[in-house]
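Throughout, read-outs are computed from the coordinates displayed, never taken from laboratory work. The model shown is predicted, which means the values in this text are computed figures rather than measured ones. Reconstructed Cβ throughout: ideal geometry from the backbone, glycine too, with neighbour counts over all protein chains shown.
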Amino acid sequence: MYTKEFIPFTEHQIKMVNASALARQFNCTSMWIGKVLRLQEAPINLKTIKIYEAARQIIEIYESQASKDI
């Protein structure tokens, strides 16, 4: 059976995400957001998963806008 493999963010993608805004949204520190975004393994706790999904959405928006600009 096929399972979705975890794909970590690149440094360029991490720079697209405003860690301070995510920290306010999820009631934690921007330093912790940075650690979550640099994970090399799939997040396991619910809050971390939600942070990761929110960051993924932000990155997808930036990347779709960049592809439209070309």
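Among I44, I59, I14, which one shows the highest mean-square fluctuation when the chain is modelled as a Gaussian network with alpha-carbon springs under 10 Å?
With Cα springs under 10 Å in the chain, the top fluctuation among I44, I59, I14 is at I44.
Calculate the dipole size of the chain relative to its Cα centre from +1 charges on Lys and Arg beta carbons and -1 charges on Asp and Glu beta carbons; express the result in debye to the nearest 20.
Working: 9 positive and 7 negative charges, 57 e Å.
The calculation lands at about 280 debye.
Quickly estimate the mean residue ellipticity at 222 nm for the chain, helices only: each DSSP H run with n ≥ 4 gives -39500 (n - 2.57), and the total goes over all residues, rounded to 500. Walk me through the intermediate numbers first.
Numbers: 4 runs with 46 residues, N = 70.
My calculation for the chain gives -20000 deg cm²/dmol from helical runs alone.
Gain in length, I14 to C28, computed as 0.36 nm per residue apart minus the alpha-carbon separation, to one decimal in nm?
Working: separation 14, 0.36 × 14 = 5.04 nm, distance 1.73 nm.
Length difference between fully extended and current span is 3.3 nm.
Label points 7 Å out from Cα along the Cβ direction at K47 and K35: separation in nm?
Taking the simple label geometry, K47 and K35 are separated by 1.1 nm.
Quick one: if you take sqrt(5λ) for each eigenvalue of the C-alpha gyration tensor of the chain, what semi-axes come out, biggest first, whole angstrom? Before the final figure, lay out each step's value.
Working: eigenvalues 78, 64, 21 Å².
The three semi-axes for the chain are 20, 18, 10 Å.
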